[in-house]
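The next block holds one structure in the form of structure tokens; read it before the comments.
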Amino acid sequence: MIKKALSPRQLEVMEALWNSPNGMTASAIVESNDELQINTVQASLRSLIKKKYVKVGEIVYSGTVLARSYVPLVSKEEYLESRCQVLTINEQKDEQMLDEMEKMIAQRRKEIEKGQ
């Protein structure tokens, strides 16, 4: 099944989840990557849930407060495979389009030559 592409930040969040043996809270994801901020991670997680890449695994204590723990629904291998499928499909479409354009150009050249 071909999935939608991820933004660079969403991919960083997914990398953190893929590298964790258990679910992770948003704050744990931030702690795992110095370049991420909590607001970015939370927005990415909301988007990843909508795209069905991530689900809320369970509610856990983060310090003294309850927090959602997120787990990936798609493995890294599945994601990479789906991206390769998209690239292959796009390449095939490009080749078909180029073939059609070459035929149209050849036909137009013949028409021009006949007219001279």
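Each value in this text was obtained by applying a stated rule to the coordinates, not by laboratory testing. Note that the structure is a prediction, hence the values are computed from the model and not measured. Cβ atoms come from the backbone with ideal geometry, glycine included; neighbour counts cover every protein chain shown.
Rounded to the nearest whole angstrom, the semi-axes of the ellipsoid equivalent to the stretch 8-74, taken from the Cα gyration tensor as √(5λ), stand at 16, 14, 11, largest first.
Only lysines eight or more places from residue 76 in sequence, or on another chain, were considered; those with a Cα closer than 27 Å are 3, 4, 50, 51, 52, 55, 93. Here the stretch 8-74 is treated with +1 on each Lys and Arg Cβ and -1 on each Asp and Glu Cβ, and its dipole about the Cα centre works out to around 460 debye.
Ranking 49, 67, 25 by Cα position along the charge dipole of the stretch 8-74, where only Lys, Arg, Asp and Glu carry charges on their C-beta atoms, puts 49 farthest toward the positive end. Computed on the chain, with alpha-carbon pairs under 8 angstrom and 6+ residues apart, the relative contact order is 26 percent.
Relative to the dominant Cα principal axis of the chain, helix 38-50 is inclined by about 60°.
Fully extending the segment from residue 38 to residue 60 would add 6.2 nm, taking 0.36 nm per residue of separation and subtracting the current Cα-Cα distance. Separation of the stretch 1-55 and the stretch 102-116, taken as the distance between their Cα centroids, equals 54 angstrom.
About its Cα centre, the chain has a charge dipole of approximately 540 debye under the convention of +1 per Lys or Arg Cβ and -1 per Asp or Glu Cβ, with nothing else charged.
Descending by average beta-carbon neighbour count within 10 Å, the peptides 72-83, 101-112, 21-32 line up as 21-32, 72-83, 101-112, the highest first.
Since only 36, 105, 8 are under comparison, the one whose Cα sits farthest along the positive direction of the charge dipole of the chain, derived from C-beta charges on Lys, Arg, Asp and Glu, is 105.
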